[in-house]
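A.B. asks: Right, I'll just put the structure down here and ask away after.
The values are calculated or read from the model by the stated rules, or taken from the named source; none is laboratory data. All figures in this text were calculated on a predicted structure; none of them were measured in a lab. Cβ atoms come from the backbone with ideal geometry, glycine included; neighbour counts cover every protein chain shown.
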Amino acid sequence: MSVQPEAWVFAPNSQAQADFFRSTAPEVIISSAYGKGKSRIICEKSNWLCLAYPGARVVLARKQRAHMGATTLRTLLDEVLHPAYLQFYRPSADGGSCVHYPNGSQLLVVGLDNPGRARSGAFTAAYVDQAEELTEEEWNAIGGRLRWPIGPYRQLGGACNPDAPDHFLFRRFRPDRGSHVVRSQSDETLVDGRHVPRGTIRSQTIISGPRDNYSNLPLDYILRLTRMTGRYRQRYVEGMWVAFEGQVYDCWNPFIHVRPRPKSWDQWGGNPPPSWRRVKGVDFGYVNPFVHQWWAISPEGVWWRYREIYMTNRTVTQHSRTIKDVEQEELEGWRRGTDDEKERLAMKRIPFSTSVADHDAEDIATLLDAGLHYDPAIKDVGPGIQTVYEMLTPFYREDRPNDPQTRMIFASDSLVETDERLAAEGEPTRTEDEMGAYRRPKNRAHIDPKDPKEAPLKFRDHGCDTARYCVHTHRTLGEAMLIRLT
């Protein structure tokens with residue numbers, strides 16, 4: 001039964017805390033900057049489950065048990081657990097410290113370096129503080145113990161500070177997309193034959209607001225946060241998942257570079273105006289993603305990536321049909337957008353200033369056979385990265401000193417279709433998913449001796465490569481390049 005004792009009182013300090021407390025998702029994280037009350041909410045939810053459901057078994061964990069004494073455990077004992085229940089806490093040095101509630105529930109406090117019963121028992125739920133410290137193996141291992149039948153749901157939750165974009169939690173929960181819920185896109189059949197309907201919640205990501213909990217923090221603490229600069233400020237004050245070392249595009253900021261398409265495009269079927277120059281490019285792949293991007297350049301010189309294919313396990317022939325369908329749809333949008341009959345009749349094909357592809361001769365020939373023409377891209381890595389970096393670097397206009405501008409924008413709804421396999425595996429599903437994690441190797445053994453300063457890791461870079469082909473080739477050759485019409 002879910003009756004809360006009168007002694008238990010908790011008032012969330014923010015929408016993020018309230019959302020985490022109410023979440024029923026199988027996996028949920030709350031990600032934020034410092035001082036937002038993340039540890040408090042996982043302690044509160046752990047305690048509530050034990051109070052509200054007699055016989056529940058809940059794990060409260062950190063990577064290392066030694067780190068819990070002055071942090072998570074102190075929050076639980078000093079701020080969350082009712083004083084009358086402190087007598088039921090039993091400390092232990094073997095990773096099995098536990099609160100034994102009078103109703104038969106147990107709250108096990110463990111470190112995953114000495115997990116004790118956490119890896120061998122069965123539990124209702126598990127909540128991990130500082131979850132960014134975990135490996136994916138540890139996260140999955142603790143999740144594999146959630147099969148205790150008492151409780152409203154089985155849930156694995158984490159509270160985390162931002163880390164690098166190549167962290168498994170970033171790939172699994174996509175905190176750069178803000179607070180959101182992920183649902184299944186199709187019906188699923190389980191191994192025992194039962195069916196799970198389309199739309200079932202798979203996970204939930206909760207992002208704290210920029211001012212959450214500040215009213216409860218000392219002034220000198222907030223002052224210390226305010227004085228942080230650079231990457232430390234981005235992570236621990238602004239709550240952004242950014243790399244500290246080796247990030248190629250360290251100027252990348254999804255709040256600046258990813259935007260909704262302008263309403264003015266509605267006239268043209270949601271696409272940029274026909275007067276804007278067009279560029280497109282492709283990076284071939286089958287097991288790895290095949291990436292095709294469509295770019296439009298505004299009169300002010302701003303590049304918009306307005307359509308993208310990012311898909312695995314399809315042939316170039318299949319992709320060529322999709323490319324032609326996408327471009328035909330855009331052309332029809334152009335025709336609907338004009339009242340000039342003469343102009344409408346003249347719209348027979350989309351003129352691309354530059355069409356470039358990776359240098360695979362067989363794949364280029366397949367596109368050519370389908371009536372799609374591409375020139376080999378300029379693939380110089382170092383100069384190409386510098387060109388893209390220059391385009392991404394924010395700048396400020398005199399009339400808008402507080403509004404950062406950029407010359408390279410990714411329309412947020414550009415995907416032609418989501419690759420469900422990639423999404424389920426936590427892999428990037430679009431180019432902007434790669435940008436923050438695109439980095440140079442830390443280990444010198446992975447550095448290319450032919451290009452030791454410039455070569456990034458060849459890992460989750462297919463969209464980044466395509467963007468580089470498009471921008472650098474066009475800006476290098478410009479309109480002098482042979483213009484081919486598809």
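A.B. asks: Starting from the stretch 436-462, keep only residues that are within 17 Å of D166 (Cα to Cα), then list their pairs with residues that are modelled with pLDDT under 55 and outside any loop (DSSP other than H, G, I, E, B) whose Cβ atoms are within a distance under 8 Å, requiring at least 6 positions of separation or different chains.
C.D. replies: From residues that are within 17 Å of D166 (Cα to Cα), the pairs are L457/H446.
This table checks each residue for (1) in a helix (DSSP H, G or I); (2) surrounded by fewer than 22 Cβ atoms within 10 Å (Cβ to Cβ); (3) assigned by TED's automatic domain parsing to the domain that holds A361.
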position: V282; (1), (2), (3): no, no, yes
position: G301; (1), (2), (3): no, yes, yes
position: R307; (1), (2), (3): no, no, yes
position: E332; (1), (2), (3): yes, yes, yes
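A.B. asks: Please return the ranges of helices (runs of 4 or more DSSP H) entirely within the stretch 147-256 where 1 or more residues are surrounded by fewer than 12 Cβ atoms within 10 Å (Cβ to Cβ), modelled with pLDDT of 85 or more and more than 16 Å from the chain's Cα centre (by Cα).
C.D. replies: On the way: elements: 168-173, 219-226, 230-236.
Ranges flagged: 219-226.
A.B. asks: Checking G384 against (1) in contact with a Gly (Cβ under 8 Å, 6 or more places away or on another chain); (2) closer than 23 Å to P456 by Cα, which test does it fail?
C.D. replies: It fails just one condition, (1).
A.B. asks: Within the stretch 257-275, identify whether any single residue is touching a strand residue (DSSP E or B) at 6+ places or on another chain (Cβ under 6 Å), within 24 Å of G463 (Cβ to Cβ) and surrounded by fewer than 18 Cβ atoms within 10 Å (Cβ to Cβ), and answer yes or no.
C.D. replies: Within the stretch 257-275 (the criterion being touching a strand residue (DSSP E or B) at 6+ places or on another chain (Cβ under 6 Å), within 24 Å of G463 (Cβ to Cβ) and surrounded by fewer than 18 Cβ atoms within 10 Å (Cβ to Cβ)), the answer is yes, since at least one residue qualifies.
A.B. asks: Still on this structure: Does any residue of the stretch 316-330 turn out to be assigned by TED's automatic domain parsing to the domain that holds P428, loosely packed, with under 13 Cβ neighbours inside 10 Å, closer than 22 Å to F284 by Cβ and among the small types (G, A, S)?
C.D. replies: no
A.B. asks: Go through the stretch 339-395 and tell me which helices (runs of 4 or more DSSP H), entirely inside it, have 3 or more residues that are hydrophobic (A, V, I, L, M, F, W, C). Walk me through it before giving the result.
C.D. replies: Numbers: elements: 341-346, 361-369, 381-392.
So the answer is 361-369, 381-392.
A.B. asks: Scan (1) free of Cβ contacts under 8 Å to residues at least 24 places away in the same chain; (2) in the same structural domain as V356 (by TED's automatic domain parsing); (3) within 25 Å of E434 (Cβ to Cβ) for the single condition S264 breaks and write down its number.
C.D. replies: Just one mismatch for S264, condition (3).
A.B. asks: (1) more than 30 Å from A455 (Cα to Cα); (2) within 25 Å of the chain's Cα centre (by Cα): which one isn't true of V326, the others all being true?
C.D. replies: Going through (1) more than 30 Å from A455 (Cα to Cα); (2) within 25 Å of the chain's Cα centre (by Cα) one by one, V326 breaks only (2).
Listed here are the residues, each with its yes/no results for (1) assigned to a loop (DSSP other than H, G, I, E, B); (2) at pLDDT below 95; (3) of a type in the set (G, A, S); (4) exposed (fewer than 13 other Cβ atoms within 10 Å of the Cβ).
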{"position": "K45", "(1), (2), (3), (4)": "no, no, no, no"}
{"position": "G55", "(1), (2), (3), (4)": "yes, no, yes, no"}
{"position": "A70", "(1), (2), (3), (4)": "yes, yes, yes, yes"}
{"position": "L73", "(1), (2), (3), (4)": "no, yes, no, no"}
{"position": "Q87", "(1), (2), (3), (4)": "no, yes, no, yes"}
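A.B. asks: Only one residue in P383, P428, P401 is more than 26 Å from I323 (Cα to Cα), touching a residue at least 60 places away in the same chain (Cβ under 8 Å) and out of contact with any strand residue (DSSP E or B) (no Cβ under 7 Å at 6 or more places or on another chain). Which one? Before the answer, list the steps.
C.D. replies: Numbers: P428 fails: more than 26 Å from I323 (Cα to Cα); P401 fails: touching a residue at least 60 places away in the same chain (Cβ under 8 Å).
Step by step, each of P383, P428, P401 is checked, and only P383 is more than 26 Å from I323 (Cα to Cα), touching a residue at least 60 places away in the same chain (Cβ under 8 Å) and out of contact with any strand residue (DSSP E or B) (no Cβ under 7 Å at 6 or more places or on another chain).
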